[in-house]
């Protein structure tokens, strides 16, 4: 997965949460690096593992001098192997960043990851969702947009099920006078469904969480960031 300079600019302008890691040797980093970058430890990316957030959807951007994917492959695969699903390599690397006239910081880069997750527009906090599932509220509808096959494995208490691919044709089944909190199995389809409902004038939120059901134990589920 590749990210670009415009995306990184947007994260900064919108004050979004992300992790930026400079993969170059320490002496090269000190000559100039992208602001907010964390330098790669001499012992490799594994040294930083315990500093990564629990939230597996955290945006992680790796960069090197010229954007070559080969030199980023090992740390990319290692971080992805830890379960993080939003790992990317900055296209063009530091060279492209400089060419675009962007700010370059001098001296040592940060040595520790400092990540504070900030909710995106329309996002519903995971702990609040867990509390809602445990104690459903009449004024809030929990909407499950997974496929019928997935729903056969289990569904959250009091939730309504409308698969994402049929949602636009079934909007009339949802009232506009109640808040709708949407989930799927990872949050990706929930966000798509949120955009559909928002465009149609609904008061909707979505949850970026991993929701799993135990096939062997009916009614058993887990919700994790």
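A short reminder: the numbers here are calculations on the coordinates, not readings from a lab. Everything numeric in this text was worked out from a predicted model, so none of it was measured. Backbone-built Cβ (ideal geometry, glycine too); neighbour counts: all protein chains shown.
Observations on the model:
- Counting every other Cβ atom within 10 Å of each residue's Cβ, 220, 17 order from fewest to most as 220, 17.
- The order of the peptides 42-49, 188-195, 92-99 by mean Cβ neighbours within 10 Å, most packed first, is 188-195, 92-99, 42-49.
- Using the Cβ-Cβ distance between residue 195 and residue 166 with R0 = 22 Å, the FRET efficiency computed as 1/(1 + (r/R0)^6) comes to roughly 0.90.
- Over the chain, the fraction of Cα-Cα pairs per 10 Å bin, rounded to whole percents and listed from the shortest bin up, is 7, 29, 27, 20, 13, 3, 0.
- Shape metrics for region 2-99, restricted to C-alpha atoms - Rg then Dmax, Å: 12.5, 35
- By other beta-carbon atoms within 10 Å, ranking 183, 33 with the fewest at the front produces 33, 183.
- Taking every DSSP bridge with both residues inside the chain, close to 15 percent are antiparallel.
- Along each principal axis, Cα extent of region 126-224, largest first, Å: 38, 26, 20
- Calculated FRET value between residue 222 and residue 95, using beta carbons and R₀ = 35 Å, to 0.05: 0.20
- Taking 0.36 nm per residue of sequence separation and removing the Cα-Cα distance, the residue 111/residue 85 pair yields an extension gain of 7.1 nm.
- Working from label points 7 Å from Cα in the Cα-to-Cβ sense, the residue 10 to residue 212 distance is 3.1 nm.
- Of 145, 89, 104, 116, the sequence from fewest to most neighbouring Cβ atoms within 10 angstrom is 116, 104, 89, 145.
- Between residue 102 and residue 128, the C-beta separation translates, for a Förster distance of 45 Å, into a calculated FRET efficiency of about 0.75.
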